[in-house]
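Asker: One structure, pasted below without further comment.
The values are calculated or read from the model by the stated rules, or taken from the named source; none is laboratory data. Only a predicted model underlies this, so the values are computations on that prediction, with no experimental measurement involved. Reconstructed Cβ throughout: ideal geometry from the backbone, glycine too, with neighbour counts over all protein chains shown.
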Amino acid sequence: MSDAAPLHRRHRSVLPDWLALYYADPIELTHGEGRHVWDSEGRRYLDFFGGILTTMTAHALPEVTKAVAEQAGRILHTSTLYLNRSMVELAERIARLSHIPDARVFFTTSGTEANDTALLLATTYRRSNQILAMRNSYHGRSFSTVGITGNRSWSPTSLSPLQTLYVHGGVRTKGPFAQLDDQEFTDACVADLRDLLGQTRGQVAALIAEPVQGVGGFTSPPDGLYAAFREVLAAEGILWIADEVQTGWGRTGEHFWGWQAHAQHGPPDIVTFAKGIGNGASIGGVIARAEVMNCLDANSISTFGGSPVTMAAGLANLSYLLENDLQGNARRVGGLLLERLRAVAAPLAGVVEVRGRGLMIGVELESPQAATAVLEAARARGLLIGKGGLRGDVLRIAPPLSLSVTEAEEGATILAEALREVLNCD
């Protein structure tokens, strides 16, 4: 029996059955450093998932822990009813980085809450509850965000305050247009969008889309698809919401924001963010041009959004990320890791596809059972990875952006061994 077994029993007795845990014998992570974490039994793991893409720079990053400790020693909480210098400073930096003209920033505590706020802004601004969302998408666990999630594994109810219409295009390799080349695929998706809009009554409020679908298995459309969508949407006054909760802050390597792969017509109307900006601190937020952000005609606050401690963490983390060019590292090391994993997978019949951008890589297998088995086999060898996809058949690989070449090679070697074991290859 593992040391974590008693804690697991206590977990099951007081927490919901639907609160997912990885592994047949779940582990308790007690501390971390750099790209490694340790469990309660002293086992060391190379972390290729970062708490679901949240530990973006490194575990126990000195610059962040120092900033948090110093702020906690002064004051932990004030709320948005009072001026907060660090919140203003972080908002100023994010507004500049967003490329949105006359941008305003509202801080939340999670990506779910950020997307919830974006939906409130869009539906209020457009006076409509109609939302376009992508098939295979995931946007959070609140009542409204579940209602726009196009992934049945993460959508426990069909009830919703929104009328959601699902659009083709988020998954390049599946669906009725999968066999087309990239330009034909884009053209077909745009034609489908036009046809869909022609069948709606009243005005649609917004399209919300992840530039790379996270929970959906790190799938993405051809570059430029959302720019083509934007041209159609803008003609109707429909807003574009880019859900950057998993793709933002340079993770894709090629761009600082995922939407920049679709930037022919400028930035989105609204951008949501969370996860990596706090490097583990609970930060989410929404960026929108002032006209959209200020459309609410009632009072609002965020009790915990923009707290002094989380803002201190965000400022320190963002500074470290920019000063050390972690986006460039994601591009370089992520490219090497992707190439290595493709070489590993090439002779394995059970691997459907290896895809990704930067340090955001998906390995799709033939079955969810195989993915679960590889997750276990990798853990046994000292590597933590994630899992996703519509069927739970995609391995999700998203290490901290400071990953070294040596660590990338080590992780690829472990994953290769796990894949060969599960897929019965010598």
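Asker: Write out, first by first residue and then by second, each pair whose Cβ atoms fall under 7 Å of each other, whose residues are 6+ apart or on separate chains, and whose first residue, in the range 90-104, is among the charged types (D, E, K, R) while the second is in a helix (DSSP H, G or I).
Answerer: Arg93/Leu318; Asp102/Ala290; Arg104/Ala290; Arg104/Met293
Asker: Confirm whether Ala188 is outside any helix (DSSP H, G or I), surrounded by fewer than 18 Cβ atoms within 10 Å (Cβ to Cβ) and more than 17 Å from the chain's Cα centre (by Cα).
Answerer: no
Asker: State the number of residues belonging to the range 360-382 that are among the aliphatic types (A, V, I, L, M) and either assigned to a helix (DSSP H, G or I) or farther than 25 Å from Gly253 by Cα (or both).
Answerer: Residues flagged as among the aliphatic types (A, V, I, L, M) and either assigned to a helix (DSSP H, G or I) or farther than 25 Å from Gly253 by Cα (or both) within the range 360-382 amount to 8.
Asker: Next up: Please verify whether Gln130 is in contact (Cβ under 8 Å) with a residue 24 or more places away in the chain, among the polar types (S, T, N, Q) and surrounded by fewer than 21 Cβ atoms within 10 Å (Cβ to Cβ), treating the condition exactly as stated.
Answerer: Yes, satisfied.
Asker: Of the residues in the range 8-37, how many are free of Cβ contacts under 8 Å to residues at least 24 places away in the same chain and either at positive phi or in contact with a strand residue (DSSP E or B) (Cβ under 9 Å, 6 or more places away or on another chain) (or both)?
Answerer: Selection size over the range 8-37: 3.
Asker: Looking only at the range 336-359, which residues are free of Cβ contacts under 8 Å to residues at least 12 places away in the same chain and either part of a helix (DSSP H, G or I) or on the phi > 0 side of the Ramachandran plot (or both)?
Answerer: Glu339, Ala343
Asker: Consider Ala316 against the criteria (1) surrounded by fewer than 16 Cβ atoms within 10 Å (Cβ to Cβ); (2) under 30 Å from Arg85 (Cβ atoms); (3) at pLDDT 95 or above: it satisfies all of them except one. Which criterion is unmet?
Answerer: (1)
Asker: Can I ask one more? Does the range 382-402 hold any residues that are among the hydrophobic types (A, V, I, L, M, F, W, C) and at pLDDT 95 or above, and which are they?
Answerer: Leu383, Leu384, Ile385, Val394, Leu395, Ile397, Ala398, Leu401
Asker: Looking only at the range 330-344, which residues are of a type in the set (A, V, I, L, M) and touching a Leu at 6+ places or on another chain (Cβ under 6 Å)?
Answerer: Scanning the range 330-344 gives Ala330, Val333.
Asker: Pick from Leu403, Leu390: which is farther than 30 Å from Arg152 by Cβ, of a type in the set (A, V, I, L, M) and not in a helix (DSSP H, G or I)?
Answerer: Leu403
Asker: Does any residue in the range 377-402 that is not assigned by TED's automatic domain parsing to the domain that holds Glu33 come within less than 9 Å, Cβ to Cβ, of a residue that is crowded, with 24+ Cβ neighbours inside 10 Å and part of a strand (DSSP E or B) six or more places away or on a different chain, and which pairs are these?
Answerer: Correct list of pairs: empty, since none qualify.
Asker: Given Arg43, Arg9, Arg35, which one is closer than 30 Å to Leu318 by Cβ and not assigned by TED's automatic domain parsing to the domain that holds Gly214?
Answerer: Arg35
Asker: Among the residues of the range 17-36, is any of a type in the set (Lys, Arg), surrounded by 17 or more Cβ atoms within 10 Å (Cβ to Cβ), under 24 Å from the mean Cα position of the chain (by Cα) and modelled with pLDDT of 95 or more?
Answerer: yes
Asker: From Arg201, Arg152, which residue is of a type outside the set (Gly, Ala, Ser), on the phi < 0 side of the Ramachandran plot, within 25 Å of the chain's Cα centre (by Cα) and in the same structural domain as Ala288 (by TED's automatic domain parsing)?
Answerer: Going through Arg201, Arg152 in turn, just one is of a type outside the set (Gly, Ala, Ser), on the phi < 0 side of the Ramachandran plot, within 25 Å of the chain's Cα centre (by Cα) and in the same structural domain as Ala288 (by TED's automatic domain parsing): Arg152.
Asker: Would you confirm whether or not the range 218-230 contains a residue that is in the same structural domain as Arg127 (by TED's automatic domain parsing), outside any helix (DSSP H, G or I), buried (at least 24 other Cβ atoms within 10 Å of the Cβ) and hydrophobic (A, V, I, L, M, F, W, C)?
Answerer: yes
Asker: I'd like to check something: does the range 200-209 contain any residue that is in a helix (DSSP H, G or I) and either free of Cβ contacts under 8 Å to residues at least 40 places away in the same chain or surrounded by 24 or more Cβ atoms within 10 Å (Cβ to Cβ) (or both)?
Answerer: For the range 200-209, residues in a helix (DSSP H, G or I) and either free of Cβ contacts under 8 Å to residues at least 40 places away in the same chain or surrounded by 24 or more Cβ atoms within 10 Å (Cβ to Cβ) (or both): absent.
Asker: Grab the strands (runs of 3 or more DSSP E) fully contained in the range 29-133, keeping just those with 1 or more residues being within 30 Å of Ser404 (Cα to Cα) and β-branched (Val, Ile, Thr).
Answerer: Strands (runs of 3 or more DSSP E) meeting the threshold: 29-33, 36-39.
Asker: Sticking with this one: So, Arg251, is that one part of a loop (DSSP other than H, G, I, E, B) and in contact with a strand residue (DSSP E or B) (Cβ under 8 Å, 6 or more places away or on another chain) or not?
Answerer: Yes.
Asker: Residues of the range 263-314 being among the small types (Gly, Ala, Ser) and part of a strand (DSSP E or B), which ones?
Answerer: Ala281, Gly284, Gly285, Ala288
Asker: May I pose another question? Kindly check whether there is at least one residue in the range 199-207 that is over 27 Å from Val271 (Cβ atoms), among the basic types (Lys, Arg) and out of contact with any Phe, Trp or Tyr (no Cβ under 9 Å at 6 or more places or on another chain).
Answerer: Yes: one or more hits.
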